[in-house]
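Undergrad: What follows is a structure written as structure tokens; I'll ask about it next.
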Amino acid sequence: MILSVQGLEFSYPSHEVLKDISFSIDTGECIAILGTNGTGKSTLLKCINRILRPQKGSVLVDKTDVQKLNQVDLAKRIGYVSQTNQSFRTTVFDTVLIGRKPYIKWDVKEEDLRIVDKAIEMLGLQKYSLRYIDELSGGELQKVIIARALAQEPKILMFDEPTSSLDLKNQLEVINIIKNVVKNRKISALVTIHDLNLALRLADKYILLKKGKIFAAGGIEIMTSENIESVYSVPVEIEKMNSRMVVVPI
Ligand SMILES: Nc1ncnc2c1ncn2[C@@H]1O[C@H](COP(=O)(O)OP(=O)(O)OP(=O)(O)O)[C@@H](O)[C@H]1O
């Protein structure tokens, strides 16, 4: 088990957001965190990555409490791609190189450069490598930030809406990159995503959040029309197309 969240509760000063959240993830698993706007998906990722401190509960990564890890060890374990991006004026290459920061002691090594090149190549960003990130489109920048997280080589990759600025082709590419990286590197991913059909392509397991609580969690068997309707308040049908499950709002 690479990640274990037990009895997590989190409130902002004005209101309670997460209640009694418990789940665990094994190596090689890709988990989609689903739920309506404002239900607490990003807050959950931030609690796991220690950006926010839960009032109750624990988060163990590799059996170690995240609260006890120093910043470098945390960054070697968890890579986080948030919904908001940095605004420093750096090139694409240098931005992705920042992902290697936890490993660089004095000088950047050949291996760091190789890993950065590989991440840039995986996201198809070679032609932008020397461009400043404020000269990119929203989707291109999103891919740069994903490349930086891959270069970080963490054990758990967390993505907050990784496909939100991407066109259809890039959405599918990014989903496949995440799936392949998880399987090939034997790591895990936690992904918040609004598009249920992309979630079905991506994930091995699902967590349906409703009003800050886990409404259902598990494999494909929990992605029923009843559960989806209950969480999103929209009637849906689940159909099979080309041997793939699709969610169709009705
Ligand atoms: N910094 C903050 N201070 C106070 N309340 C906040 C803060 N950030 C988020 N919230 C509130 O906490 C709740 C959960 O927000 P969160 O961003 O985790 O939801 P989400 O499920 O990720 O939503 P979305 O799908 O819209 O991104 C919302 O009611 C939101 O308004």
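Undergrad: For the range 28-58, how many residues meet the condition of being among the polar types (S, T, N, Q), under 22 Å from Glu161 (Cα atoms), over 16 Å from the mean Cα position of the chain (by Cα) and more than 10 Å from the ligand (Cβ to nearest atom)?
TA: Summing the residues that are among the polar types (S, T, N, Q), under 22 Å from Glu161 (Cα atoms), over 16 Å from the mean Cα position of the chain (by Cα) and more than 10 Å from the ligand (Cβ to nearest atom) in the range 28-58 gives 0.
Undergrad: Determine which single condition Ala75 fails, assuming it passes every other condition in (1) of a type in the set (A, V, I, L, M); (2) touching a strand residue (DSSP E or B) at 6+ places or on another chain (Cβ under 9 Å); (3) surrounded by fewer than 21 Cβ atoms within 10 Å (Cβ to Cβ).
TA: With (1) of a type in the set (A, V, I, L, M); (2) touching a strand residue (DSSP E or B) at 6+ places or on another chain (Cβ under 9 Å); (3) surrounded by fewer than 21 Cβ atoms within 10 Å (Cβ to Cβ) applied to Ala75, the lone miss is (2).
Undergrad: Working carefully through the options Asp160, Asp195, find the one that is within 16 Å of the ligand (Cβ to nearest atom), touching a residue at least 12 places away in the same chain (Cβ under 8 Å) and in contact with a helix residue (DSSP H, G or I) (Cβ under 6 Å, 6 or more places away or on another chain).
TA: Going through Asp160, Asp195 in turn, the sole match is Asp160.
Undergrad: Counting just the residues of the range 5-27 that are buried (at least 16 other Cβ atoms within 10 Å of the Cβ) and closer than 17 Å to Leu157 by Cβ, which one comes out farthest from the ligand (Cβ to nearest atom)?
TA: Ile25
Undergrad: Next question. Restricting the first residue to the range 39-68 and requiring it to be under 16 Å from Pro13 (Cβ atoms), which pairs with a second residue that is assigned to a helix (DSSP H, G or I) meet a Cβ separation below 8 Å and a spacing of at least six or different chains?
TA: Pairs found: Leu52/Thr43; Leu52/Lys46; Arg53/Cys47; Arg53/Gln67; Pro54/Cys47.
Undergrad: If you check every pair at least six apart or on different chains, which have Cβ atoms under 8 Å apart with a residue in the range 117-138 that is in a loop (DSSP other than H, G, I, E, B) first and a residue that is aromatic (Phe, Trp, Tyr) second?
TA: Between residues of the range 117-138 that are in a loop (DSSP other than H, G, I, E, B) and residues that are aromatic (Phe, Trp, Tyr), the close pairs are Ser129/Phe93; Leu130/Phe93; Leu136/Tyr128.
Only the coordinates and a few stated rules stand behind these numbers; no lab work does. Please read these numbers as outputs of a predicted model, since none were measured by experiment. Positions of Cβ are generated from backbone atoms using ideal geometry, with glycine treated the same way; all protein chains shown enter the neighbour counts.
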